[in-house]
């Protein structure tokens, strides 16, 4: 059983500047106790022969190869634009220019 007490939860809440009412203190005391008991149980299963790992399953590169494919020409891209100029989309200014 963990050593989480209501006083410890109040202290941690104070350090974190979190205001808790009594029902929250009781609930968090129980929840933190379960969490710490679970961590202790896992820690007891690990010995010096257990290798450290960042991920339980080996990962491989999941990215696809870059494939160059035909794309739109500048004229095709601008063909549906409501306003264009100098080979670019023209949009209303969003910043005040002085």
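Here residue 87 clears all of (1) on the phi < 0 side of the Ramachandran plot; (2) in contact with a helix residue (DSSP H, G or I) (Cβ under 9 Å, 6 or more places away or on another chain) except the condition numbered (1). The residue pairs whose first member lies in segment 66-79 and is outside any loop (DSSP other than H, G, I, E, B), whose second member is surrounded by 10 or more Cβ atoms within 10 Å (Cβ to Cβ), and whose beta carbons are closer than 8 Å, counting only pairs six or more residues apart or on different chains, are 78/84; 78/88; 78/89. Scanning segment 1-19 for residues that are over 24 Å from the mean Cα position of the chain (by Cα) and not in a helix (DSSP H, G or I), which turns out farthest from residue 31 (Cα to Cα)? Here the answer is 19. For segment 40-56, does any single residue satisfy the condition of being outside any loop (DSSP other than H, G, I, E, B), out of contact with any helix residue (DSSP H, G or I) (no Cβ under 8 Å at 6 or more places or on another chain) and either surrounded by 10 or more Cβ atoms within 10 Å (Cβ to Cβ) or touching a residue at least 60 places away in the same chain (Cβ under 8 Å) (or both)? Looking for residues that are outside any loop (DSSP other than H, G, I, E, B), out of contact with any helix residue (DSSP H, G or I) (no Cβ under 8 Å at 6 or more places or on another chain) and either surrounded by 10 or more Cβ atoms within 10 Å (Cβ to Cβ) or touching a residue at least 60 places away in the same chain (Cβ under 8 Å) (or both), one finds at least one in segment 40-56, hence yes.
Readers should treat all values here as calculations from the given coordinates under stated rules, not as data from a laboratory. Owing to the predicted nature of the structure, the values given are computational and were not obtained by experimental measurement. As a convention, Cβ positions derive from the backbone with ideal geometry for all residues, glycine included, and neighbour counts pool all protein chains shown.
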